[in-house]
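The values are calculated or read from the model by the stated rules, or taken from the named source; none is laboratory data. Just so you know, these numbers come straight off a predicted model, no measurement behind them. Methodologically, a virtual Cβ is constructed for each residue, glycine included, from the backbone with ideal geometry; neighbour enumeration extends over all protein chains shown.
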């Protein structure tokens, strides 16, 4: 029971972004570490969390579209996988359905309860009551955190013993399929992220990084450092172009004081 309560606390803190602002504590890579800390296996927790992070890497709210809940999916998927002694494919098998199911409950909360608080905040705004507005905001945010914490606590407490029997009942051919899905889902996560980010300006850099890895065998750390250097160079080039354009529009030459230092 204590483990279930601690996992619920992890979910509560991770979901506190709704009340306190985005901090990325909700990402599976972060929650996986804390789940591993709670369950006494940090290494496995980080591995499971990283695997789920790849699957959920493109799961961000865009407009009115709300993706599957990464908090419950990350916490419970990792926790059940560790408690059953299974591999990363089990974390994906359990994490994605749990996240999708929680999304239904989250939509009910956001669609029914949160508007009530929003209308109450409008009345406080008309009266100039800033403390009332803050209270509605905090109640709405921490209320969602509490709901997810309860889901995680109850789900783990009820299912932690039964999950081993469920996994043992899964046929071998399904386990093989899950191992294949473990490799496919991270690619799907990257594809979702690329769909949001890639455009005509940045796509050459994407393929440049791919070619460097494929043909020069540069590790990911080297690519990250190279990307940082290229980013700095491009920012400086764009800054100089902006300064030159501003000088041309003013009919004169704008000197850059930074050159005098050399």
Given the conditions (1) at pLDDT below 85; (2) under 21 Å from the mean Cα position of the chain (by Cα), every one holds for residue 158 apart from (2)
Residue in segment 56-66 that is at pLDDT 75 or above and assigned to a helix (DSSP H, G or I) present: no
Residue 181 fails exactly one of (1) closer than 30 Å to residue 84 by Cα; (2) modelled with pLDDT of 70 or more, namely (2)
Counted residues in segment 194-212 being touching a residue at least 12 places away in the same chain (Cβ under 8 Å) and more than 19 Å from residue 228 (Cβ to Cβ) come to 3
Filtering segment 7-54 for residues that are under 21 Å from residue 146 (Cβ atoms), at pLDDT 85 or above and surrounded by fewer than 18 Cβ atoms within 10 Å (Cβ to Cβ) leaves a count of 1
- Query: Just wondering, is there one or more residues in segment 83-99 that are within 22 Å of residue 16 (Cβ to Cβ), within 16 Å of the chain's Cα centre (by Cα), buried (at least 20 other Cβ atoms within 10 Å of the Cβ) and modelled with pLDDT of 80 or more?
  - Reply: no
